[in-house]
């Protein structure tokens, strides 16, 4: 089946098997390997991408054909003009990653969380990230990173202080 | 210092094995056994070969014919089937490999392979195995399920001491089977290049050992094997063993003349790759009435599954279990382990643990609480009374270790003060008076890490040294390569910092490279908290060699004899004349442009053979509330005070502790690979084998004390595993402390809500 999916602003027109998962479409048809796959049961969230700017989806639980005509943001599209997105900067500053495998999904879930709630409390952040597993960090520094990112997005001028 | 490796991970540019794509690459899928124990009557591949895109199917018979039917396990004491030959020994065992043009076609092909099984009686636990009514491994010389007996200490003296002790406690403690479950599953890409050389990308914590093992198994000369371990999405011990899938991928690549990729699914990861623990421990302590330990005895039945694939050093089949005397000055002790085959997945790997240290630590820390309870002594007081004292180091333990350093009293007191123990005790007393269940749990553990001294430690005969090679470039930048392999531990930052500190250079310009066997010096890899104790020591030693060489060049530049030059304040100066000095950067340039009478260049290599292990330690305190109606446990506070010697990067160390505590929390409360009595695996994915999310993971409080290791070049000890080794006992001790007014003495992990609820219900029923 032919699909056209805009990924990070670039339209990808590809012929796919109907059963192709969005995760493998991104990884193999678009060669965007920042989206990871860590389980078979939609549990881990390593594959989370953003659909149409404001919805976090687990791309291993969606067929590529379901994303036909939609816009997808992957981790490769977060940084703009060579500058890290405030979420990326915050994960770096707060040591919110170790092996890096969950990191793309974790950041994109945070991206959507902050779109809907620009000033989340710690418990709102923990609830918002509960669909993303991390085996390395224990989440505490990820929570701090999301707090820093929230502040930086709300007050760009004060960012990095 | 922030981590140097992060920018690529943050931008989706990490390079993991599944990101490797080669022209003409095939995909492999494995057919796995549906039975835990069964004879294979026949395997029919005809339907599979008809699946569009399927290129080949191989079975155990094919491999056996090629002399590749079996794979030696790491310690060299057993072998494991690559693909089942004649019978299967555990559910999900590898039975056939299917090679196809796409990932999906390979999966379809695997579905289409028809295997006819004749079920055999199942042995699902070591106590049944012990009876030898069903012999699982007739392929072995000795017709028994008993694998080995290992013991250490003085059996007779310990028996006499225990029998003569005024107070004795005994407890059966099971450290349940669990699984490291790194988020990136295991996998590989195998390719034979135009020169016939194996290019092997693999998720390996020990790439050099893989190269040697692959050469031994396949007969491919070692120079014709190039192992590349790229970025690894967590390992925790799971990526130490060589798995059957790797051998199959190599065979497929050779047979079909095309690259082959195999990436296991989460289910395959949880059901067939290295599990951890599964130790049934009977521990006994003897003590005086006032709580002075007189003896310790522990006897363990270990469930090793279908093959003895425990990744322990050859001379230590039960790993470092001898550290079971913990932080306490036990006069006499005896420990023994008997291991058995069962119809379960093979493994027994060191899950964030230095070879069975977690089991040992859990046993002694639980037993100390049980003893305190029976003596009516405060659990803290009992520990204080029996700690090895600061002045006793180096301390020779009853089971043969020489503890390098520690100040257990200081670490404990710091923890008590930080958490406000007295106030907590007061609050607990008030709550107990109201019938509320609040618990305070301690774990004052000692670990043994950094394997290890070559006279004791080897894997496949290879001594457990590690290595570093440092090259300083003309501009003062440099590269360091080691035989270790980061899986998220931050080596690219920490190693650069060690070199920078030793040589007075900018860590931002010290590149770190690991995981490529063509370029890195031979090393045994990263597991068992050995990176900093062994590879870190190799880096510091190699850096000091660079400095020695640099000193000669500095003498030439300063126009004095070498004896008149000193290294001070990160530069070389003429002794006592600070005005006459040169920096390492200047010396580096001169090494290539004006070395004088010296050999040009500025580099050094070191293979570091550690003189002893290092002994990190800590005091962990958990404060919990238990809901009497529902059995729900709430972690109110958790404090970890660690002593890992010299800290190189506080950010990295804190991150390691947070992560390890979270894994310990998971083991204590939610994780178990369960098998039913018929040998069926009940925890085959993340909906049944639980990983804690951000929601239930507690807030971690951390602090530290610093007692440097006297024998390590920079005094560091290794920290990655302490939190996973130390925390389960603190959690369980806290829950039992909360339940102690009801008379509950022990619960097995995972301490789930229903277990707690049942314990409360039973205790209350017993009272009425």
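The values are calculated or read from the model by the stated rules, or taken from the named source; none is laboratory data. Only a predicted model underlies this, so the values are computations on that prediction, with no experimental measurement involved. As a convention, Cβ positions derive from the backbone with ideal geometry for all residues, glycine included, and neighbour counts pool all protein chains shown.
Considering only residues that are crowded, with 16+ Cβ neighbours inside 10 Å and assigned to a helix (DSSP H, G or I), which ones fall in the range B:374-388? Those that are crowded, with 16+ Cβ neighbours inside 10 Å and assigned to a helix (DSSP H, G or I): B:375, B:379, B:380, B:382, B:383, B:384, B:385, B:386. With respect to (1) over 16 Å from the mean Cα position of the chain (by Cα); (2) within 11 Å of chain B (Cβ to nearest Cβ), the lone exception for residue A:151 is condition (2). For the range B:466-480, the set of residues classified as buried (at least 24 other Cβ atoms within 10 Å of the Cβ) and more than 17 Å from residue B:210 (Cβ to Cβ) consists of B:468, B:470, B:472, B:478, B:480, listed by residue number. A search for C-beta distances below 9 Å between a residue of the range B:646-661 that is free of Cβ contacts under 8 Å to residues at least 12 places away in the same chain and any residue that is outside any loop (DSSP other than H, G, I, E, B) and surrounded by fewer than 21 Cβ atoms within 10 Å (Cβ to Cβ), counting only pairs 6+ apart in sequence or on different chains, returns B:650/B:704. With the condition kept exactly as written, say whether any residue in the range B:288-302 is assigned by TED's automatic domain parsing to the domain that holds residue B:397, buried (at least 24 other Cβ atoms within 10 Å of the Cβ) and under 25 Å from residue B:89 (Cα atoms). Scanning the range B:288-302, I find at least one residue that is assigned by TED's automatic domain parsing to the domain that holds residue B:397, buried (at least 24 other Cβ atoms within 10 Å of the Cβ) and under 25 Å from residue B:89 (Cα atoms), so the answer is yes.
The rows are residues; the columns are (1) within 14 Å of another protein chain (Cβ to nearest Cβ); (2) within 20 Å of residue B:533 (Cβ to Cβ); (3) part of a loop (DSSP other than H, G, I, E, B); (4) under 24 Å from the mean Cα position of the chain (by Cα).
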{"residue": "B:607", "(1), (2), (3), (4)": "no, yes, no, yes"}
{"residue": "B:621", "(1), (2), (3), (4)": "no, no, no, yes"}
{"residue": "B:635", "(1), (2), (3), (4)": "yes, no, no, no"}
{"residue": "B:648", "(1), (2), (3), (4)": "no, yes, yes, yes"}
{"residue": "B:655", "(1), (2), (3), (4)": "yes, yes, no, yes"}
{"residue": "B:671", "(1), (2), (3), (4)": "yes, no, yes, yes"}
{"residue": "B:691", "(1), (2), (3), (4)": "yes, no, yes, yes"}
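Residues that are more than 11 Å from chain B (Cβ to nearest Cβ) and buried (at least 17 other Cβ atoms within 10 Å of the Cβ) were ranked within the range A:114-143; the one that is nearest to residue B:694 (Cα to Cα) is A:120. Does residue B:536 satisfy the criteria of being within 14 Å of chain A (Cβ to nearest Cβ) and touching a strand residue (DSSP E or B) at 6+ places or on another chain (Cβ under 7 Å)? So residue B:536 fails the test.
Residues B:191, B:151: which one is surrounded by fewer than 19 Cβ atoms within 10 Å (Cβ to Cβ), touching a residue at least 40 places away in the same chain (Cβ under 8 Å), outside the structural domain of residue B:674 (by TED's automatic domain parsing) and in a strand (DSSP E or B)? So the residue among B:191, B:151 that is surrounded by fewer than 19 Cβ atoms within 10 Å (Cβ to Cβ), touching a residue at least 40 places away in the same chain (Cβ under 8 Å), outside the structural domain of residue B:674 (by TED's automatic domain parsing) and in a strand (DSSP E or B) is B:151.
For (1) surrounded by fewer than 18 Cβ atoms within 10 Å (Cβ to Cβ); (2) more than 12 Å from chain B (Cβ to nearest Cβ); (3) on the phi < 0 side of the Ramachandran plot; (4) modelled with pLDDT of 95 or more, each residue gets a yes or a no:
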residue: A:31; (1), (2), (3), (4): yes, no, no, yes
residue: A:37; (1), (2), (3), (4): no, no, yes, yes
residue: A:42; (1), (2), (3), (4): yes, no, no, yes
residue: A:46; (1), (2), (3), (4): no, no, yes, yes
residue: A:52; (1), (2), (3), (4): yes, yes, no, yes
residue: A:66; (1), (2), (3), (4): yes, yes, yes, yes
residue: A:69; (1), (2), (3), (4): yes, yes, no, yes
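Might you check whether a residue that is part of a loop (DSSP other than H, G, I, E, B), touching a helix residue (DSSP H, G or I) at 6+ places or on another chain (Cβ under 7 Å) and farther than 18 Å from residue B:713 by Cα occurs anywhere in the range B:542-563?
Step one: of the range B:542-563, the residues part of a loop (DSSP other than H, G, I, E, B) are B:559-561.
This time we only want the ones that are touching a helix residue (DSSP H, G or I) at 6+ places or on another chain (Cβ under 7 Å), so: B:561.
In the following step, the residues that additionally are farther than 18 Å from residue B:713 by Cα were identified as B:561.
Checked against the condition, which is being part of a loop (DSSP other than H, G, I, E, B), touching a helix residue (DSSP H, G or I) at 6+ places or on another chain (Cβ under 7 Å) and farther than 18 Å from residue B:713 by Cα, the range B:542-563 yields at least one hit.
The strands (runs of 3 or more DSSP E) falling completely within the range B:405-482 that include 3 or more residues that are farther than 27 Å from residue B:732 by Cβ map to B:466-472, B:478-482.
Look at residue B:429 and say whether it is buried (at least 23 other Cβ atoms within 10 Å of the Cβ), modelled with pLDDT of 95 or more and under 21 Å from residue B:738 (Cβ atoms).
no
Looking at this structure, is residue A:95 within 11 Å of chain B (Cβ to nearest Cβ), closer than 22 Å to residue A:130 by Cβ and over 15 Å from the mean Cα position of the chain (by Cα)? Taking the combined requirement at face value, the residue satisfies it.
Selection of strands (runs of 3 or more DSSP E) fully inside the range B:231-308 by the criterion of at least 1 residues being within 14 Å of another protein chain (Cβ to nearest Cβ) returns B:260-263, B:275-287.
Scanning the range A:1-23 for residues that are free of Cβ contacts under 8 Å to residues at least 12 places away in the same chain and at the interface with another protein chain (Cβ under 9 Å from one of its Cβ atoms) yields a count of 0. Would you call residue B:172 surrounded by fewer than 22 Cβ atoms within 10 Å (Cβ to Cβ) and assigned by TED's automatic domain parsing to the domain that holds residue B:54? So residue B:172 does not fit the description; no. Can you tell me which residue within the range B:9-31, out of those that are assigned to a helix (DSSP H, G or I) and within 8 Å of chain A (Cβ to nearest Cβ), is nearest to residue B:490 (Cα to Cα)? Ranking the candidates gives B:9 first. If the condition is being within 20 Å of residue B:11 (Cβ to Cβ), touching a residue at least 60 places away in the same chain (Cβ under 8 Å) and part of a loop (DSSP other than H, G, I, E, B), then the range A:130-158 contributes only A:132.
The set of residues in the range A:71-84 that are at the interface with chain B (Cβ under 9 Å from one of its Cβ atoms) and without any contact (Cβ under 8 Å) to a residue 24 or more places away in the chain comprises A:79, A:84.
From the list B:179, B:208, exactly one residue is under 26 Å from the mean Cα position of the chain (by Cα) and either free of Cβ contacts under 8 Å to residues at least 12 places away in the same chain or within 14 Å of chain A (Cβ to nearest Cβ) (or both). Which is it?
That would be B:179, the only listed residue that is under 26 Å from the mean Cα position of the chain (by Cα) and either free of Cβ contacts under 8 Å to residues at least 12 places away in the same chain or within 14 Å of chain A (Cβ to nearest Cβ) (or both).
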